[in-house]
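First up is the structure itself, then whatever we jot down about it.
Just so it is clear, none of the values below were taken in a lab; they were calculated from the coordinates. Since this is a predicted model, take the numbers as computed values, not measurements. Every residue, glycine among them, receives a Cβ derived from its backbone with ideal geometry; neighbour counts consider all protein chains shown.
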Amino acid sequence: MSDTVETAARTAPAAVIVGIDGPSGTGKSSTSKAVAAKLGLRYLDTGAQYRAITWWMLSNGIDVNDAAAVADAAGKPEIISGTDPSAPTITVDGADAAGPIRTQEVTSAVSAVSAVPEVRTRLTELQRSIAAEAPAGIVVEGRDIGTTVLPDADLKIFLTASAEARAARRSGELKGKEASDLAATQAALVKRDAADSGRKTSPLAKAGDAVEVDTTELTLEQVIECVVTLVEERRSA
Ligand SMILES: Nc1ncnc2c1ncn2[C@@H]1O[C@H](COP(=O)(O)OP(=O)(O)OP(=O)(O)O)[C@@H](O)[C@H]1O
Ligand SMILES: Nc1ccn([C@@H]2O[C@H](COP(=O)(O)O)[C@@H](O)[C@H]2O)c(=O)n1
C-alpha cells in the first residue's frame, strides 16, 4: 500500500450504522432521510419493504389473513430498495411501488403480513445485506432494527410522540374528509401500533441500549439536530 492510500485508509471515518425505531408517525422517515443526507450516509425505509410485499400479496389475490398462504408466497416477489436519502426508491418485480404502497388498502393489511415469521426472515436478510454494503454507513428505520435486524448498530434511537401529536401530523398530510377526521386517524395509528407491538416475532420494541427521544414537543428540525449530534458523538468516541 502506498503512503497516500494508507493515510487515506487511516483517516476515512469508519462506516456508521444507525437504527431508528418507533411507532407510526413519530417522525422516523423524515428524521432518517435528513440525518442520512446531512452525514453522507445511505437510507433504508424497512416499512416500505413490508408495504411492498403486502402490495404484492394483495395484487396476487393472496388472503393476507391466511398466514400459511402468506408464508408460502413470502419468497416470490423481488424487492429492490434504492438507498439515496434524497430520492429513495422501491420496486417490486421491476415495477415502481412507491405510490401503491401508500394506499389505505396496504396500510390496513401490512400489520398482518409483517407478523408472518417467513416474511420477517426474508426481509431481515435483505435489510442486513443492504446495510453491510453501505460504504460510509446507513440510517435504517423501522420497528425492530435495534432489537433484531442490526443489534450491533453504532447508534440506536427510539422515537416516541403522543398519539394526539402523531394523529395531528398524519392528518396534516391527508386531504379533505380524511384530514378532518382526526379521531379516526388516531384510532388507526393506535390500532396498527398495538398489532405491531403485540406480534410474537420481532415486535415493535425499544432496544435496551437505544436512546429514547420524545418528539411530541420538538420540531422536526430539533429532532434531526439531536440525532445528528448523537451520531457525531458516537463517531468521535
Ligand atoms: N417533530 C415533528 N414535528 C412536527 N411534524 C413532524 C415531526 N416529525 C415528523 N413530522 C411530520 O409527521 C408526519 C409523519 O412523519 P414520518 O412519516 O417521518 O413518521 P414515521 O415515523 O416514519 O411514520 P410511519 O411509521 O407511519 O411511516 C410527516 O408529515 C412529517 O413531516
Ligand atoms: N422494521 C419494520 C418496519 C415496518 N414494519 C411493518 O410495516 C408497517 C409499515 O411501516 P411504516 O413505517 O411504513 O408505517 C408497520 O406498521 C409494520 O407492520 C415492521 O414490521 N418492521
Relative to the first principal axis of the alpha-carbon coordinates of the chain, what is the inclination of helix 104-114, with its axis defined by its Cα atoms, in degrees from 0 to 90 and to the nearest 10? 70
Between SER29 and ALA183, what length in nm is gained on full extension when 0.36 nm per residue of separation is reduced by their alpha carbon distance? 53.1 nm
Using 19 Å as the cut-off for backbone N distance, which residues of the range 104-124 belong to the label zone defined by a point 7 Å from the Cα of GLU173 along Cα→Cβ? 104-114
Sorted by chain and number, the residues with a modelled amide H under 5 Å from that of VAL213, at a separation of 5 or more or across chains, are PHE158, LEU159, THR160
Label-point gap, in nm, between GLU212 and SER59 - each point 7 angstrom along Cα→Cβ: 3.9
If one builds a Gaussian network model of the chain from Cα atoms under 10 Å apart, the most fluctuating residue listed among ALA69, ALA210, ALA36 is ALA69
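Could you tell me the calculated FRET efficiency between ASP72 and ALA95, based on Cβ-Cβ distance and R0 = 25 angstrom, to the nearest 0.05? Walk me through the numbers on the way to the answer.
Details: r = 22 Å, r/R0 = 0.87.
With a Förster radius of 25 Å, E is 0.70.
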So how do 106-112, 194-200 stack up, highest first, on mean other-Cβ count within 10 Å? 106-112, 194-200
Within the chain, helix-based [θ] at 222 nm, where runs of 4 or more DSSP H residues each add -39,500 (n - 2.57), nearest 500: -15500 deg cm²/dmol
Calculated from backbone phi, Karplus (6.51, -1.76, 1.60) coupling profile of the range 71-79 in Hz, x at Gly/Pro: 4, 4, 8, 4, x, 6, x, 9, 10
Can you tell me the length gained on complete extension of the stretch GLU125 to SER236, counting 0.36 nm per residue apart and subtracting the Cα distance? 37.0 nm
If one puts a single equal scatterer on every Cα of the chain and applies the Debye formula without solvent, what log₁₀ I(q)/I(0) results at q = 0.09, 0.12, 0.15 Å⁻¹? -0.39, -0.68, -1.05
Pick from ARG166, ARG42, ARG102 the residue whose mean-square fluctuation is largest in a GNM of the chain, springs joining Cα atoms under 10 Å. ARG102
State, as an integer percentage, the relative contact order of the chain based on alpha-carbon contacts under 8 Å between residues 6 or more apart. 31
Running a GNM on the chain with Cα contacts under 10 Å, which residue among PRO85, PRO135, PRO23 ends up with the highest mean-square fluctuation? PRO135
I'd like to know how the range 10-62 sits against the 2.2 N^0.38 Å rule of thumb: what's its Cα Rg over that expected value? 1.54
